[in-house]
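**Q** Have a look at this one before I ask anything.
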């Protein structure tokens, strides 16, 4: 009762102040809604009941035109729409696929969770910020516990946090970003891969034309522009300690995809204007951002230095940009078809395509890539246990503003 009385008084004071200064009212209103939801007095914090109802209603409204066959050089890619929604995915988990039915758990960047027959809001932290392309940037699992990389904002401080959704607690937070006006959380990264007893997470340098923010990729006092390594034990309830964070590699702009292939570890990341990179990830390597890049500067188009012996060169660079998103291994039938090589797949946003990438196992150089143009902004592969979900050679991809597609390579020639 005391909490309700306090919130009522707080709301009246905030409303009075906000009448003269409307912008000052936004943060108090957000915190009031957060605590009202925590007290179960309202249902939603960041997403309206109306929006959730629309998502639930349209989820299985699939049209025949949503299915597609794309002919490649040696095989075809077959796509079939399975689930419909409008927003961007932050995490996409597949539990099973039987008789054309998917058991799934999807998290959207706007704070919505779609799980089989249930659509609801994620309980996000009170200081979550959707400003400057923020929100839920990535969702991943560790031993069935669900964690999110979230953008946050307090007075004069924009930062990021790893947040356990069910327990509603932060695992760790990053330091405040400089040049707060030029923060762009689209560049926060959020790729995750599990290897042995460790979780690897990419955290980008989230900026739009800010030298102050991009320079943090070379500063080991900050986690921005890094791939970090954390023991899985720090994600458990039994260990209430701040995690020991190992900066595994640095000098990254915005790594969007991470994957392993046997002993090898690869990433794919955004460059500036051009210069998107495929990288072989090795401990303590410096990948050079923002000192070197094959892209050019925003606004003026000037070139960066393209080489410095102190930095690791990319395996491959895209000119112009394709805007890569997720990176993963190939499904079983494609791996077998290319068994002499390392076979990877990645998705793109700007180029709206799925790529099949071949890397020489011995020399570790890119042999070829093949593009399958889908004309959708492709975001994530469906995963299980932090690995690509594949059943009967079928896998799944998400597309911004479209939903979920099943995908399969067939008609090998």
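Values in this text are rule-based calculations from the coordinates and carry no lab data. Values in this document were obtained by computation on a predicted structure and should not be read as measured data. Positions of Cβ are generated from backbone atoms using ideal geometry, with glycine treated the same way; all protein chains shown enter the neighbour counts.
**Q** Quick check on the chain: take the gyration tensor over C-alpha atoms, sort the square-rooted eigenvalues as a ≥ b ≥ c, and tell me if it's rounded (a/c under 1.5), prolate or oblate. Kindly include the intermediate steps, with their values, before the conclusion.
**A** Working: a/c = 1.79, a/b = 1.29, b/c = 1.39.
Oblate shape, in that a/c is at least 1.5 and b/c is the bigger or equal ratio.
**Q** Between residue 69 and residue 280, what is the label-to-label distance in nm when each label sits 7 Å out along the Cα-to-Cβ direction?
**A** So the two model labels end up 3.9 nm from each other.
**Q** Neighbour counts of other C-beta atoms within 10 Å: give me 250, 337 arranged from fewest to most.
**A** Values: 250 23, 337 17.
Ranking 250, 337 by Cβ neighbours within 10 Å, fewest first, gives 337, 250.
**Q** Give me the distance in nm between label points sitting 7 Å out from Cα along the Cα-to-Cβ direction at residue 62 and residue 196, one decimal.
**A** It is 4.1 nm.
**Q** At residue 316 and residue 247, where each label point lies 7 Å from the Cα along Cα→Cβ, what is the point-to-point distance in nanometres?
**A** 3.0
**Q** Also, quick follow-up: Enumerate the residues in the range 231-249 having an amide nitrogen under 18 Å from the point lying 7 Å beyond the Cα of residue 164 toward its Cβ.
**A** It comes to 231-245, nothing else.
**Q** With springs only between Cα atoms under 10 Å apart, run a GNM on the chain and tell me which of 153, 167, 363 wobbles the most.
**A** Maximum among the listed residues: 363.
**Q** How much FRET efficiency would the formula 1/(1 + (r/R0)^6) give for residue 220 and residue 116, where r is the Cβ-Cβ distance and R0 is 60 Å, rounded to 0.05?
**A** Working: r = 43 Å, r/R0 = 0.72.
With R0 = 60 Å, the Cβ-Cβ based efficiency is 0.90.
**Q** Once the piece of chain linking residue 76 and residue 181 is laid out straight, how much longer is it, given 0.36 nm per residue of separation minus the C-alpha distance between them? It would help to have the intermediate numbers written out before the result.
**A** Values: separation 105, 0.36 × 105 = 37.80 nm, distance 4.56 nm.
Between residue 76 and residue 181, full extension yields an extra 33.2 nm.
**Q** With an 8 Å Cα cut-off and a minimum separation of 6 or more residues, compute the relative contact order for the chain in percent.
**A** On the way: 976 pairs, mean separation 52.6, N = 413.
Worked out over the chain, it gives 13 percent.
**Q** Express in whole angstrom the spacing between the alpha-carbon centres of the range 320-368 and the range 91-111.
**A** 23
**Q** Compute the long axis of helix 49-58 from its Cα atoms, compare it with the longest principal axis of the Cα atoms of the chain, and write down the angle in degrees, 0 to 90, nearest 10.
**A** 30
**Q** Another question about this same structure. How much length is gained on full extension from residue 363 to residue 261, taking 0.36 nm per residue of separation minus their Cα-Cα distance?
**A** Here the segment from residue 363 to residue 261 would lengthen by 35.3 nm.
**Q** Quick one: P(r) of the range 286-413 from all Cα-Cα pairs, 5 Å bins, percents rounded to integers, in order of increasing distance.
**A** All Cα pairs considered, the percentages come to 2, 9, 17, 19, 18, 16, 10, 6, 3, 0.
**Q** Contour minus end-to-end for residue 154 and residue 309, with contour as 0.36 nm per residue of separation and end-to-end as the Cα-Cα distance?
**A** Numbers: separation 155, 0.36 × 155 = 55.80 nm, distance 4.02 nm.
Additional length available on full extension: 51.8 nm.
**Q** Further question on the same structure: Could you tell me which of rounded, prolate or oblate describes the range 248-329, using a ≥ b ≥ c as the square roots of the eigenvalues of the alpha-carbon gyration tensor, with rounded for a/c under 1.5 and, failing that, prolate when a/b is larger than b/c and oblate otherwise? List each step's numbers first, then the result.
**A** On the way: a/c = 2.39, a/b = 1.42, b/c = 1.69.
Oblate is the answer for the range 248-329, as a/c is 1.5 or above yet b/c matches or exceeds a/b.
**Q** Strictly greater than 19 Å: what percent of every Cα pair in the range 82-203 meets that? Each step should come with its number before you reach the end.
**A** On the way: 3586 of 7381 pairs.
That fraction is 49 percent.
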